Each structure stands twice: as C-alpha cells, then as structure tokens.
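Asks: I'd like to ask you about the structure that follows.
The values are calculated or read from the model by the stated rules, or taken from the named source; none is laboratory data. From a predicted model like this one, the values you see are computed outputs, not experimental measurements. Here Cβ is always computed from backbone atoms with ideal geometry, including for glycine, and neighbour counts include all displayed protein chains. Accessible surface is based on the protein model in full, side chains and every heavy atom, while ligands, DNA and RNA are left aside. Shrake-Rupley method; radii C 1.70, N 1.55, O 1.52, S 1.80 Å.
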Amino acid sequence: RERALLWCVLVAAWEAAWGQLRYSVPEEMPKGSFVGDVAKDLGLELPALRDRDLSILDRGRTQYFALHGKTGHLVTAERIDREQLCESVQRCVLRCEVIVEGEMQVYGIEVEITDTNDNAPSFREAETELRMSETTAPGSRFPLARAHDPDSGRNSLQSYELSGDEHFSLAVQAGPGGDQRPELVLAKALDREEAAFHELVLRASDGGEPARTGTARIRVAVLDANDNAPVFSQAEYTLRVPEDVPVGSTLVTVTATDADEGIYGRVKYSFHTVSVKASQIFQPDTETGAITLVRSLDFEEGDSHELEVQARDGGGLFDTAKVAITVTDVNDNAPELTVSSSLSAISEDAPPGTVVALLHVQDRDSGANGEVRCSIAERLPFRLEKSFEDYYRVVTARELDREEVAEYNVTVRAADGGSPALWSSAVLALRVLDVNDNAPVFAEARYSARLPENNAAGALVLTVRAADADWGQNARVRYRLSEGRVRGAPLSSYVSVQAETGALTGDVKVTGPLDYEEGKYYEATVEGKDGGGLSAHAKVHIDILDVNDNAPTV
C-alpha cells in the first residue's frame, strides 16, 4: 500500500493507434496524481495547447480524471477505489475522451486501475453455528461460508486455515470458476455426552505483502440423531427474466423435502452464498422457498445473478441448490445524442465536405436495441460521416447559396434497432454568410426620356434602378455616368446622376439650359457598382423637345 501511494508510480503503457491512449495507475492515489502526458503522447506542442483548446468531453457521467490545459497532463480528479468501481471485473479500465477543438479531433483514453492490497478477507457473519447429529459419520463434509476479498490477483483471497479442535479438519474444493470453497470435515466421531459444543476458528488469508487475514468463529452444536437431511427437487434452477419484470414478482420457488417428522422434517430456506448486490435485489421466503424481486432489475448493470439457496431442517441438516438467473435486455434506453462541437455560421462559398458539427451518440442497451443509426433529411445540403467510434461529423454535401437559403435548422435524428424503436434528436442552427457573387442588374437595359429645351436647373429627367441579390454592403449599389463628351464639353456638364438614388437631372449650372437648336437628343451610359466591386451598365437616351423660343429673322 505504501508503494501504491508513491506519486510517481504510473504509466504502464500507452499507444496512439486508432486515436487511443492507454495508461495505468494504482488505486487510492491522492487527487491530482499524474496519470499521463496527453499533450506529449498526441504530439502537441505546449505553446499550441491554448490555440487548440485541449479538453475532456463531459457527457454527464462522473469524471475521474482532469486535464491541465497549460501542461497537457492527465491527473486524477479524485481518489479512486478500484473495488467500488469494478466490483466483479478482473481488469478495471476507465475510459474518457479528449477533444482537440481546433482540429475537431477526438481521442479515446483508457486508464487501467491496478489493485493494491487495501482490503482484508472478510466473512459476512463473524460467528456461525453448525448443528450436527452425534450419529454423523466421520468423513462427512459441511460447506462453510466463504470469505470475500474485493481485491484482485495475488491480493485477493488465497487460502483458508482451521484451528480449535481435533474432531474437525478443513478441506478446500475448487469451484467451477476457480474459487476456493471451504468445507468442514468431521475427522473423529462426535459424542454429545462427551462434548455438546466445539469451538473452531476459520482464518482466510490473501496473498499480499504483508498478507491480510479475516476470521470467523464456528460453533458446532452436537444434536441427538436426525438421520435425514432435506433434499432439493433439483440441484440447479435456471431461469431467464426480462429486466422490466415488476418489483414484487415471484421469480421461482425452490422446493426441498425431508423424510423426518416433526421439527426434524420442517424445512426453512435461506441464502447460503450470495453477493451483496444480489442480496439487495432478491429475497427468499423462509417458509415456502419462493424467491421474489425486491428491487428493479437493470440489464445494463448486470445481466446475470447466481444464488445459492440452503434448505435446513430443525435438526441442523441441510441441502443446497443453485439458482442461475439470466436477465434479458429490454429496449428501455433511448439513444443519447450529444453535440460535441459545432459552427454557428458558414460562408456560402465553403467547399463541399466542410465540417460544421461533431456529434457523439450512444445507447446503453445491447444487441439490436443498442445499435444506433443517425440520419439527416435528404432535402438538406448536408450529410453524416462516421468519425471515431461513436462520433459522427456533419459536413456540407454541396455548395451553399445564401440567396436561396440564408439559414438552416439541421435536425439530426438517432434511432436504435429496437421494436418499437426509440429515438432522440438534436437541432443545429447554421447561418449562411454572404459572398459577393452577384453583380447588380438594371431593371431595363435601355432607358428613354423626353425633356423640353430650356429646362430648369436640376429638373428630373428619369430614374434608373439596379438590384443586387447579395446582402449588406455587397448589395448596396451606387450609380455614376460613364465618361463621354458632347460638342466638346464633358457629358456631366449636361446631365448628372445621384449616386445613391439613380436619379438623372439636367445640369444648367455649367452649360446653361438645354437647347433644341443645338442638339435634338443626348445619349449616356450609367454604371451601377455594388460594395464588392461588381458592376452593370445601362444606356440612357434623352430626346430634347422644341419650344417656340426663337423669333423669325429677316
């Protein structure tokens, strides 16, 4: 344990293949203990960490690790108890995901929590009483309650020892899973008149250095003859139960019979060997042998349970039977769809394949109930691409056109394979930014007007109009006359155009009023240019109307 508390006992291995890092750390390390240099292992330079925004994804579950933004070091966020997290798992692995925001890249991290010998073997009951008939034959065996040590490997339970009386010895049998099952063996015939009770001590030891031990006191009461033990109708009961079976339901009834009469033939049922979790879910009826459900089942927390039921008569004789319960999955979990990263706006000239969002999807069910398919409406110019494991990218499927659609609400739907299927969705709001890809367009290619001679100063001739499909500054059109000359004078000396409105007016301040006798018509070209530099042109033809302003000359 002292070595487990050293701050520098770490990293067993790491590998970056397939975007995966692996580390190991002993349990019970203090908060803030170093786990691994994620930035170094991913090849990220320290000065670039701030720009790339390296962080651990939060999907609503307990975070056992933290990431230092300045150093890129992965450290423990709290003291980790391996036995609490991985009660029945030999290899305890915690997983998290790290996202590099600047690259929209996700990396998986696996941290193996290695065991330290921080738990001693213990018995559920510190004192046990066995009742044996004095006619019990030497060599008879009696199963004893097993000790439990939540540690793993050599730190777990390794051996049993018995002390206290020459009438008994200890035998240890290997179970189907390699577990040790202690049995009390009667080595010498009992004589109630000689001794009515025998006091024994059963010691369980683990393989740690130093070893830890736990003891249970066994008191053997010697009874008068009871020559028939209960016998179960079958040695093993096997059943399959859906996880949504109601609390209070009777799952199975075990039955044992005893050929004796009276108190020696009356059988009571109890759990002999059962895990702490199973004892909180199932409960036996001591009189009938019915096993009922006292807490809801959850396939995702445990898909099987094994119970050992004991039938004991009034004389202390007993039989045991195994009850194997398999929990079947029900589609009771909808897919969980999380937006890990997304854009709020995109330029309309973005090339096809531009990433606009990164999504994560998971379903806690198994089999077809846990298989998730994601989709986007076909009419939208976006598609889904598989990224890393359960991550998807939303990318543009074709070029966008702001003048056609200025804003999208992209709904991503995730549905599982259950029947009926469960689903969830996420909506991505995306604005399309304008690019100056549309030139102004005049309402008419050629404008005509008629103006009497001797016009007043600033008289309106006509108004030209040009429209631009772009937005903002790119759609703002300004007008001007193209350069030209009439009778040696600049064109702007005769007519002018308002830059903002496109209104053409006669200009008499420079050349005086228009005179029919000097020119019967004028032609000009008007240019309309938007804020992005694109332009269009229109022709303007002005006829001058004669006014009787000249007397006859003789």
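Asks: Looking at this structure, is Val395 open to solvent by less than 40 Å² (accessible area, probe 1.4 Å), touching a Gly at 6+ places or on another chain (Cβ under 7 Å), assigned to a strand (DSSP E or B) and under 22 Å from Pro352 (Cβ atoms)?
Replies: The answer is yes for Val395.
Asks: Inside the stretch 188-224, can you point out the residues that are surrounded by fewer than 17 Cβ atoms within 10 Å (Cβ to Cβ), in contact with an Asp or Glu (Cβ under 7 Å, 6 or more places away or on another chain) and either assigned to a loop (DSSP other than H, G, I, E, B) or among the hydroxyl-bearing types (Ser, Thr, Tyr) (or both)?
Replies: Lys188, Asp191, Arg192, Asp224
Asks: Given the options Arg240, Arg295, Arg266, name the one that is open to solvent by 30 Å² or more (accessible area, probe 1.4 Å), touching a Gly at 6+ places or on another chain (Cβ under 6 Å) and not assigned by the TED database to the domain that holds Val201.
Replies: Arg266
Asks: Still on this structure: Looking only at the stretch 120-135, count every residue that is open to solvent by less than 60 Å² (accessible area, probe 1.4 Å) and more than 19 Å from Thr273 (Cβ to Cβ) and tell me the total.
Replies: Residues in the stretch 120-135 being open to solvent by less than 60 Å² (accessible area, probe 1.4 Å) and more than 19 Å from Thr273 (Cβ to Cβ): 4 in total.
Asks: Moving on to the next point. Could you say which residue among Leu433, Leu460, Leu428 is touching a strand residue (DSSP E or B) at 6+ places or on another chain (Cβ under 6 Å) and buried (at least 19 other Cβ atoms within 10 Å of the Cβ)?
Replies: Sole residue among the options that is touching a strand residue (DSSP E or B) at 6+ places or on another chain (Cβ under 6 Å) and buried (at least 19 other Cβ atoms within 10 Å of the Cβ): Leu428.
Asks: If you check Ser366 against the conditions, is it touching a residue at least 60 places away in the same chain (Cβ under 8 Å) and either closer than 26 Å to Gln20 by Cβ or among the aromatic types (Phe, Trp, Tyr) (or both)?
Replies: Criteria met by Ser366.
Asks: Please indicate, with yes or no, whether at least one residue in the stretch 418-440 is at pLDDT 90 or above and over 43 Å from the mean Cα position of the chain (by Cα).
Replies: Checked against the condition, which is being at pLDDT 90 or above and over 43 Å from the mean Cα position of the chain (by Cα), the stretch 418-440 yields at least one hit.
Asks: Could you pull out every one of the strands (runs of 3 or more DSSP E) wholly within the stretch 247-313 that has 1 or more residues that are of a type outside the set (A, V, I, L, M, F, W, C) and closer than 25 Å to Asp179 by Cβ?
Replies: 267-273, 282-284, 304-313
Asks: I'd like to know if the stretch 126-133 contains one or more residues that are of a type outside the set (Gly, Ala, Ser) and under 42 Å from the mean Cα position of the chain (by Cα).
Replies: No, the conditions are met nowhere in the stretch 126-133.
Asks: Can you pull out every residue in the stretch 300-332 that is touching a residue at least 40 places away in the same chain (Cβ under 8 Å), of a type in the set (A, V, I, L, M) and farther than 29 Å from Ser424 by Cα?
Replies: Within the stretch 300-332, Val309, Ala311, Leu317, Ala321, Val323, Ala324, Ile325 meet the criteria.
Asks: Going through the stretch 373-382 one residue at a time, which ones are open to solvent by 50 Å² or more (accessible area, probe 1.4 Å) and free of Cβ contacts under 8 Å to residues at least 40 places away in the same chain?
Replies: Result: Glu378, Arg379.
Asks: What are the residues in the stretch 438-453 that are small (Gly, Ala, Ser) and surrounded by fewer than 18 Cβ atoms within 10 Å (Cβ to Cβ), if any?
Replies: Hits for the stretch 438-453 are Ala443, Ala445, Ser448, Ala449.
Asks: Just to be sure before I move on: is Pro335 of a type outside the set (Phe, Trp, Tyr), open to solvent by 50 Å² or more (accessible area, probe 1.4 Å) and in contact (Cβ under 8 Å) with a residue 24 or more places away in the chain in the structure I sent?
Replies: Here the answer is no, as Pro335 does not meet what is asked.
Asks: Looking only at the stretch 351-372, decide whether some residue is in a loop (DSSP other than H, G, I, E, B), open to solvent by less than 30 Å² (accessible area, probe 1.4 Å) and at pLDDT below 85.
Replies: There is at least one residue in the stretch 351-372 that is in a loop (DSSP other than H, G, I, E, B), open to solvent by less than 30 Å² (accessible area, probe 1.4 Å) and at pLDDT below 85.
Condition check ((1) part of a strand (DSSP E or B); (2) open to solvent by 20 Å² or more (accessible area, probe 1.4 Å); (3) without any contact (Cβ under 8 Å) to a residue 12 or more places away in the chain) across all residues:
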site	(1), (2), (3)
Glu112	yes, yes, no
Ala137	no, yes, no
Asp151	no, no, no
Gln158	yes, yes, no
Leu162	yes, yes, no
Val172	yes, yes, no
Arg181	yes, yes, no
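Asks: Output the number of residues of the stretch 94-110 satisfying the condition of being hydrophobic (A, V, I, L, M, F, W, C), open to solvent by 30 Å² or more (accessible area, probe 1.4 Å) and modelled with pLDDT of 85 or more.
Replies: 0
Asks: What is the one condition in (1) within 22 Å of the chain's Cα centre (by Cα); (2) within 22 Å of Ser275 (Cα to Cα); (3) of a type outside the set (A, V, I, L, M, F, W, C) that Asp149 does not satisfy?
Replies: (1)
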